[in-house]
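One structure below.
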Amino acid sequence: MTATDKLLMGLSNLDALPGQEAQVQKALQETIQGPSTKDAFGNLYFGDLKTTKKKIALYAHMDEVGFFVHRITDEGFVYFYPIGGWWGHVVLGQQVRATCRKNDAVLEGIVGTLPKISHKMTEVVPISEMYIDFGVRSKNELLEAGLQVGDMILPNTQAKKSFNQQKIMGKALDDRVACTVMAQVKNQVNTRNIEVIGVGTVQEEAGTRGSKVAAAQVDADINIVIDVANGKDTPKAAEFPNRIQGDGPGLVLADKTALGNIRLIDYCKDVAEKNQIPWQYDLLGGGGTDAGSVQLFAGKPTVVFCVPVRYCHSWNSIVTLSDVEATIDLLSAVIRSLDEGGIELEQF
């Protein structure tokens, strides 16, 4: 197992609901070499924010889609509230784990499957009507264990490799893939003329909130946002298959919130081809990333590197390890090229 594999699987297994990202914050601080700072909102910065050098910022969000405890019935059933985009039909019957902020206890439960008389079999049950069964008989039993309203609830999964060792399956690959890439680039790339700032943002899945604060703290000359999106290379996923696993990271031309800087995209493409690193164009037609917030802070050149991931925002996603490594390689090559004076940053 490579260092990248190990780091990604470890980060996948951590729990970090928007606003409760402590587990990932700690892991990144232990992984990325050098000092780090944290702002009042919870964003992490790896690098010298006060440098007089030109700055390239690498953004990766630490949070994941999940749920929190909304209401506990007298009988001990727990109703929950979703944070981020969820499809109701991937939730019923799944195993979950709740982390009690009171004492760090982890309670395992199951999203109850409702009786047939409650809904038509052709309907998607609203999440607001679902509940979690922790195997208790009363509310007091859960309260005594430490559970409170507001505690985070996330899929109870463990990351693993596919049988052919080429892919990783696990939760929260959106955006632990990017956290892994950012950490590896920060640890592997040494620059002389440019300061590389790694940024771990919070609350991306709750409206790209952390990046709104982080952009002003970093004020970088070039912003590179690392994220993932659903691959369209599975059966009936799209009329025109794109975002193909195994074809490397996507250079995003546009999404719902941001336009990629076309000169910067072309530069990254040229670096990829010169170094024989796989890449593909991408277009995120259905959503946005931290780029929307970052780009609008000061209008600095911004681009999104998008790694193809299958089945985002569900209990288990799949990423191809070669795509993760290609993203690390391409980002590293781009940074080294810029550091060596491949082009003046002001020209983008």
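The values are calculated or read from the model by the stated rules, or taken from the named source; none is laboratory data. On a predicted model such as this, the values are computed, not experimentally measured, just so you know. Cβ coordinates were reconstructed from backbone atoms using ideal geometry, including for glycine residues, and neighbour counts include every protein chain displayed. Heads up: the accessible areas ignore ligands, DNA and RNA and are worked out on the full protein's heavy atoms, side chains in. Shrake-Rupley method; radii C 1.70, N 1.55, O 1.52, S 1.80 Å.
Structure notes:
- Hits in region 110-134 - residues which are modelled with pLDDT of 95 or more and buried (at least 17 other Cβ atoms within 10 Å of the Cβ): Val111, Tyr131, Ile132, Phe134
- Hits in region 199-215 - residues which are of a type in the set (A, V, I, L, M, F, W, C), at pLDDT 95 or above and within 14 Å of the chain's Cα centre (by Cα): Val199, Val202
- Criterion violated by Glu204 - all others in (1) touching a strand residue (DSSP E or B) at 6+ places or on another chain (Cβ under 9 Å); (2) surrounded by fewer than 19 Cβ atoms within 10 Å (Cβ to Cβ) satisfied: (2)
- Pairing each residue of region 250-261 that is under 15 Å from Pro301 (Cβ atoms) with any residue that is of a type in the set (Gly, Ala, Ser), provided the two are 6+ apart or on different chains, yields C-beta distances under 6 Å for Val252/Gly260; Leu253/Gly260; Ala258/Ala291; Ala258/Gly292.
- Residue in region 234-260 that is nearest to Glu273 (Cα to Cα), counting only those that are small (Gly, Ala, Ser) and not in a loop (DSSP other than H, G, I, E, B): Gly250
- All strands (runs of 3 or more DSSP E) inside region 102-174 with 3 or more residues being over 13 Å from Phe80 (Cβ atoms): 167-170
- Taking the criterion of being assigned to a helix (DSSP H, G or I) and of a type outside the set (A, V, I, L, M, F, W, C), the residues of region 175-208 that qualify are Asp175, Arg176, Thr180, Gln184, Lys186, Asn187, Gln188, Glu204, Glu205.
- The single condition among (1) open to solvent by 40 Å² or more (accessible area, probe 1.4 Å); (2) of a type outside the set (Val, Ile, Thr); (3) within 24 Å of Ala159 (Cβ to Cβ) that Gly34 does not satisfy is (3).
- Scan of region 221-256 for residues that are surrounded by 20 or more Cβ atoms within 10 Å (Cβ to Cβ) and among the aliphatic types (A, V, I, L, M), ordered by number: Ile222, Ile224, Val225, Ile226, Val228, Ala229, Leu251, Val252
- Restricting Asp290, Asp270, Asp339 to residues that are closer than 23 Å to Asp219 by Cβ and either open to solvent by 10 Å² or more (accessible area, probe 1.4 Å) or among the hydroxyl-bearing types (Ser, Thr, Tyr) (or both) narrows the list to Asp339.
- Residues in region 140-189 that are within 24 Å of Asp247 (Cβ to Cβ) and among the β-branched types (Val, Ile, Thr): Ile168, Val177, Thr180, Val181, Val185, Val189.
- Of the residues making up region 145-176, those that are in contact (Cβ under 8 Å) with a residue 60 or more places away in the chain and of a type in the set (Gly, Ala, Ser) are Gly150, Ala159, Ser162, Gly170, Ala172.
- Among the residues of region 235-249, the ones that are on the phi < 0 side of the Ramachandran plot, out of contact with any Lys or Arg (no Cβ under 7 Å at 6 or more places or on another chain) and free of Cβ contacts under 8 Å to residues at least 24 places away in the same chain come to 4 in all.
- Screening the candidates Asp323, Asp282 for the property of being under 25 Å from Ile168 (Cβ atoms) and at pLDDT below 95 yields one hit, Asp282.
- Of all residues in region 135-169, those that are closer than 12 Å to Asp15 by Cα and surrounded by 14 or more Cβ atoms within 10 Å (Cβ to Cβ) total 7.
- The listed residues are Lys186, Lys171, Lys212, Lys232, and the only one of them that is basic (Lys, Arg) and touching a Lys or Arg at 6+ places or on another chain (Cβ under 6 Å) turns out to be Lys232.
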